[in-house]
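Down below is the structure, laid out as structure tokens.
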Amino acid sequence: MSIEHLLAPDARLEKVAGGFTWVEGPCWIPARGVLRFSDIPGNQVLEYSEATGAVAVVSAEAEFTNGRTLSRDGSVVECSHGRRAVQRDRGASTPGAPYAPEVLVDRYGTARLNSPNDVVETSDGALWFTDPSYGIKRPAEGHAGEEEYGDRYVFRLDPSGALTPVVIDVEAPNGLAFSPDETVLYVSDSSLSPADPDGTGPERPRGHAIRAYDVIEGRHAKNGRQLAEVNPGLPDGFRVDAAGNLWTSSLSGIQVLSPAGEKLGEIPVPEKVANCCFGGADGRTLYVCASTGVHRIRTATVDARDARGQERS
């Protein structure tokens, strides 16, 4: 198999920013032509300008933000390890607006969330997010704490504010994304690298696969099954393109999987990959967060959200 048809004819990987500790949470903001991302251990939110090539620090006290997504209203929804919350920065698409995230949810009942990791918005306005424990078990990624509800779930936050667990069978739910028609939810399990190696018994799984779930009535995840095991390393963040292919992180680069889980090919990256997203003026540039740097490569496709007709501006 090959991914040549998914890449631009002159595609080559180039590094556009570097010198960080562990970059994560890429999100393209079309209205301003910038890529927002985090250096989690550095506790920073940063932005890369496609027009100038400059990197700006948006916040130097970011409370260990991780995954983020562009909301339909142009705001950016992001996960905060430090606040143990999902939050919204309403001014993200407005030039000159201050970085002022507001907490949307930080509790499941009376228990605090663990450390929300990645988030996506569906066409009905609901937010689906993963809640592993990396931010409370790894000192460099947040603040020490306990798993107050006793597990690690994928949640759905309804526009009404109701919070519901939707996936409870993944050891360390990390990245997530939907098929173009939102009938399948994909969730990566990164438990091959446990949040707390010293506090995890041999009975706990050590997974490194992406799982798939049927989405029922837009709000329930059923019939969970393994889609693909990712080697070498593990799947962290990933995206789905217009044809339903998954572009996933791994130790060796970006691996591209078909909707059936077949590996179509790989884009080698010289550093361990954490996450990626589609961006650029036409949505066809894949930005890759890999360890200490941000890379990009031109593709021949766009994000599944663009395929669903959601505006990029």
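Would you calculate, for the chain, the mean residue ellipticity at 222 nm contributed by helices, counting each DSSP H stretch of 4 or more residues as -39,500 (n - 2.57) and dividing by all residues, to the nearest 500?
Working: 2 runs with 8 residues, N = 313.
Counting only the DSSP helices, I get -500 deg cm²/dmol.
Just want the ordering: TYR48, TYR186, TYR149, from fewest to most Cβ atoms lying within 10 Å of their own Cβ. Display every interim value, and only then the final one.
Numbers: TYR48 22, TYR186 26, TYR149 17.
Result, fewest neighbours first: TYR149, TYR48, TYR186.
Please work out how much length the chain gains when fully extended from ASP151 to LEU251, using 0.36 nm per residue of separation minus the C-alpha to C-alpha distance, in nm with one decimal. Working shown, then result.
On the way: separation 100, 0.36 × 100 = 36.00 nm, distance 2.65 nm.
Here the answer is 33.3 nm.
What are the residues whose amide H is under 5 Å from the amide H of ALA17, where those residues sit 5 or more places off or on another chain and H is modelled from the backbone?
VAL294
Between GLU14, GLU203, GLU102, find the one with the highest GNM mean-square fluctuation for the chain; connect C-alpha pairs within less than 10 Å.
Greatest mean-square fluctuation among the candidates belongs to GLU203.
Using Cα positions and a limit of under 22 Å, work out the lysines in reach of LYS137, with same-chain residues fewer than 8 apart set aside.
Counting by Cα, and skipping residues close in sequence, LYS137 has these lysines nearby: LYS272.
Please work out whether the chain counts as rounded, prolate or oblate from its C-alpha gyration tensor, where a ≥ b ≥ c are the square roots of the eigenvalues and a/c under 1.5 means rounded, while otherwise a/b larger than b/c means prolate and anything else oblate? It would help to have the intermediate numbers written out before the result.
On the way: a/c = 1.28, a/b = 1.12, b/c = 1.14.
Rounded is the answer for the chain, as its axis ratio a/c remains below 1.5.
In nm, to one decimal, how far is the GLU61 label point from the HIS220 one, both placed 7 Å along Cα→Cβ?
Taking the simple label geometry, GLU61 and HIS220 are separated by 4.6 nm.
Which residues in the range 289-308 place their backbone N less than 14 Å from a point set 7 Å from the Cα of ALA243 along the Cα-to-Cβ direction?
In the range 289-308, the label zone of ALA243 (backbone N under 14 Å from the point 7 Å along Cα→Cβ) covers 299-304.
Hey, rough spin-label estimate for ALA300 and VAL103, points 7 angstrom out along Cα→Cβ, what's it come to in nanometres?
For the pair ALA300/VAL103, the computed spacing is 4.8 nm.
Give me ARG84, ARG112 sorted ascending by neighbouring Cβ count inside 10 Å, so fewest comes first. Could the numbers behind the result be given before it?
Numbers: ARG84 25, ARG112 18.
The fewest-first ordering by Cβ neighbours comes to ARG112, ARG84.
Using a basic spin-label model with each label point 7 Å from the Cα along Cα→Cβ, how many nm lie between SER193 and LYS15?
Between SER193 and LYS15, the simple spin-label model gives 1.8 nm.
Within the range 57-83, name every residue whose backbone N is under 15 Å away from a label modeled 7 Å from Cα of THR94 along the Cβ vector.
Residues passing the 15 Å test: 73-76.
Since every read-out is calculated from the coordinates, none of them should be taken as a lab result. Please read these numbers as outputs of a predicted model, since none were measured by experiment. Here the Cβ is made from the backbone with ideal geometry for all residues, glycine too, and neighbour counts use every protein chain on show.
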